[in-house]
Structures are given as structure tokens and as C-alpha cells.
Amino acid sequence: MDSQTSKSDLNINALRGKCTCIQRGINYYKVLSLRWNCADTEIKEAYQRCAIRYNPARQKNEGAEAIFALAAEAYDVLSDPLRRAVYDQYGEEGLKNGVAEPERFMKPYVYHNEPMRTFREFFATENPYDDLLNILTEPQSLLEFPEGQGIKRKEESLIKTLFLTLSEIFFGGIKKMKIQKLVLLDDKSTTSSMEKILTIPIKPGIPAGTKIVFPEEGDQSPSKIPVQDTVSVADVIFVTEDRPHETFRREGSDLHMTVDICLKEALTGTVITLNTVDDRILRIPITSIVTPDYTKCVPGEGMPFPANPKQKGDLILRFNIEFPVYLSLTNKNYIKKAFEVSGTNVENAEYVHRLILAKKMRRNVNDDVPFRRGVKKLICEM
């Protein structure tokens, strides 16, 4: 049956209220001793009973094999909502011949004729009694279990996610988290809930996925107390995770960001102005022609290295170039002439390019911030 067919096309919910089928061929419900309006859990239970009873490995006769194969086919049909809906409406004949509808043709159902395959998919093994038989024939010694050696199992650790902003990762510091845990009372048999605040040290540049363990700060349980000890307490583990940032994305100690620029800026250059994680204003001149795969690396403007927080990773810029929707014929001719000039006289084109960039930097930089020597000279010559 075509799995893409919508359940609403067959009106499955309506079919659960009354049976509209005219039985043609095999009655799958009778094969599994089910009512036609049975639930999915009843279908699974019925197939489980029938498959175990008539398993060819237990009964060596042709009749058992036939019933076993028929039960597998019945389960394959009734356990699938779409197949069951078609069968309820059109019977075995309609299910296996296909059904023509106004907008589509539902393909015929064909059973794979491998009842043991259905059995394995249901039980996840060919013999569901293997584990039980192994225990009966080869019982494990109590000494193989920790409890048999006098070692009590410790409570499972309480694992919590610790979300950190890029600012907290950059500067480091202290973070406080409130937890609730179960504590044994004086009678050593009952527990009570209590709150506790844990102080978590955050190192600058701490990697994502770092586990911070607080030994024996979790739940206490009377059922897992060692004989020689007073109480067994679980650990609390915090696993760090970066909180999403509106501008940057951290990869290791590097920061990545995507900048939107127009085609004019991609060809003639621009200055990218952004606020850093440590609240500085950073101006990055882009002098190269920006292609779709172009990246700009700014050394030392990333996150601190965990081993040496004084050293920092890089800031890596990628660009999303926005192309104009329309260009007039005149503008196209101007662009063609500009490319012709850049092709015939490269030195002049580079000179003009630097002048344009210097003007942009002068508009983006505050007047009280001095220019670098080369840029200042270039502006004076204008």
C-alpha cells in the first residue's frame, strides 16, 4: 500500500464506528481471533499469542506452518492503519487488487511471504525464549553482580544543562544554580526534598560540552545504602552549552558571523562595523573583491583559549551578497565601461578603489579617532 496516501482519504475514524466492508476472501480478524473494532494493542497481543503457539520451531507440522504464515500476513495488514482501512472497506480482494479513486490509484498490497521476517521484526529475535533458557541452563553466580560482592550501586548522577552566554564564556566568573534534591531523614528510611544553591566556577573560554561535577550533591536513597557506610549520594553534573547569540557563532575558540552586503560594496569595498563580545566597536575594512566563497579573518578577535585566556582565537567573516533586482540599460553600460577601465589600466582602478574606501572609512569613523598614517595621507591628497 502506498504509504503516502492520506488517512483522511480513507476516513479511518469513521470506519471505527461501523464496519462497511463486504467480506471477500480471508477474514484477517478471525485468523487472529479478534473483533473487527479491536484496538492496536489487541492486535499485537493476538499476534504474539498466535505466533508463539504455532511457531514452526515448536510444532513440526504443515498445519502449524500455514497458520503461522497466515497470522503473520494478518498482523502485517491490521497493524498498518492504511492497509487496515482499505481492507475494512474493500476486503482482501480490494486490498490485493488495488483501489481506484477519483484523484489517485492506490497500489495493490503484496505480502512479502516471509512469516519469520515478520516474527523477527516483532520479537527482535527468532527465539523469544533465548534469554530465559540461558538463565535457566547457565545461571550467573551472585558474585558476578556488584550487590553479590557487597558493593552497593550508587544513585544515578543528576545531569543538568548549563547554558552560558558568549559574554560569560569570554570573561569567565561565577554562576549560581539552584537544585532540588532528596535528603534522608534521621530514621534513614524516608526522604525529604530540599533546595541547595551550587556555586559553579566558569573559566574563560570554557568549551561547550564541558562537564562540571559536584560529587555527592544529588539525591539520597535508602534502597542503595552500603552496609559499611551511612548514606550513598548521587553526583550532580552540569554540562555546558552555548546560548545562541544574535551575531556570533562559536566554533572552538573562533567566532563566526555572516555579514549582508550589497553588490556595490562587494565590488568596491566597504567597512564592517560591529560590536564585539567585550563591548568594543570594531571596524573592519574590506578592500578585496568579495566573492560568494570569500572569508575575512581578523586574528585575535575571537574567544579566549581555555589553556591560555590571554590568547584569543580569530573572528571569521562570511558574506551574503545581495544582488539588485533590476538594472537599467544605462547603468549596465556604465558597469561595462568600469570593467573595461579596470581591465586596461589596473593601477588607476586600484587607486580609485582606495579613494572610495578611504571616503567610506572617514564616514564610519568618529572624528576624534585618529586615522592610520597611510589612510590619513590618502585623505589629505583628496
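The values are calculated or read from the model by the stated rules, or taken from the named source; none is laboratory data. Keep in mind it's a predicted model, so treat the numbers as computed, not measured. Cβ: placed from backbone, ideal geometry, glycine included. Neighbour counts: every protein chain shown. Side chains included, ligands, DNA and RNA excluded: accessible areas come from the protein's heavy atoms. Shrake-Rupley method; radii C 1.70, N 1.55, O 1.52, S 1.80 Å.
Here the stretch 180-202 is the region considered, the condition is being assigned to a strand (DSSP E or B) and small (Gly, Ala, Ser), and the residue that is farthest from the chain's Cα centre (by Cα) is Ser192.
Per this entry, Ile159 is not counted among residues that are surrounded by fewer than 15 Cβ atoms within 10 Å (Cβ to Cβ), of a type in the set (A, V, I, L, M) and at pLDDT below 60. Checking each residue in the stretch 67-87 for being under 26 Å from Arg53 (Cβ atoms), open to solvent by less than 10 Å² (accessible area, probe 1.4 Å) and not β-branched (Val, Ile, Thr) picks out Phe68, Ala71, Ala72, Ala74, Leu78, Arg84, Tyr87. Filtered by the rule that a residue be surrounded by fewer than 15 Cβ atoms within 10 Å (Cβ to Cβ) and closer than 17 Å to Pro304 by Cβ, the stretch 172-202 gives Gly173, Ile174, Pro201. One residue stands out in the stretch 15-51 among those that are part of a helix (DSSP H, G or I) and modelled with pLDDT under 85: the one that is least open to solvent (accessible area, probe 1.4 Å), namely Leu15. Please verify whether Arg58 is at pLDDT below 85, part of a loop (DSSP other than H, G, I, E, B), within 26 Å of Phe105 (Cα to Cα) and among the basic types (Lys, Arg), treating the condition exactly as stated. No. Part of a helix (DSSP H, G or I) and modelled with pLDDT of 85 or more - does that describe any residue in the stretch 97-106? Yes, the stretch 97-106 has at least one match. What's the number of the only condition in (1) under 22 Å from Ala124 (Cβ atoms); (2) open to solvent by less than 30 Å² (accessible area, probe 1.4 Å) that Tyr109 fails to meet? The number of the failed condition is (1).
Looking at the stretch 242-283, none of the strands (runs of 3 or more DSSP E) lying wholly inside it contains 2 or more residues that are of a type in the set (Gly, Ala, Ser) and either open to solvent by 20 Å² or more (accessible area, probe 1.4 Å) or modelled with pLDDT under 95 (or both).
Just wondering, is there one or more residues in the stretch 328-340 that are out of contact with any Gly (no Cβ under 7 Å at 6 or more places or on another chain), closer than 20 Å to Ser167 by Cβ and among the basic types (Lys, Arg)? No; the residues of the stretch 328-340 include none that is out of contact with any Gly (no Cβ under 7 Å at 6 or more places or on another chain), closer than 20 Å to Ser167 by Cβ and among the basic types (Lys, Arg). Number of residues in the stretch 309-336 that are under 14 Å from Val259 (Cβ atoms) and either in contact with an Asp or Glu (Cβ under 7 Å, 6 or more places away or on another chain) or open to solvent by 40 Å² or more (accessible area, probe 1.4 Å) (or both) equals 5. Looking at Ile237, is it of a type in the set (Val, Ile, Thr), crowded, with 17+ Cβ neighbours inside 10 Å and under 23 Å from the mean Cα position of the chain (by Cα)? Here the answer is yes, as Ile237 does meet what is asked. Note on the stretch 286-308: residues that are surrounded by 17 or more Cβ atoms within 10 Å (Cβ to Cβ), touching a helix residue (DSSP H, G or I) at 6+ places or on another chain (Cβ under 9 Å) and either assigned to a loop (DSSP other than H, G, I, E, B) or not aliphatic (A, V, I, L, M) (or both) total 3.
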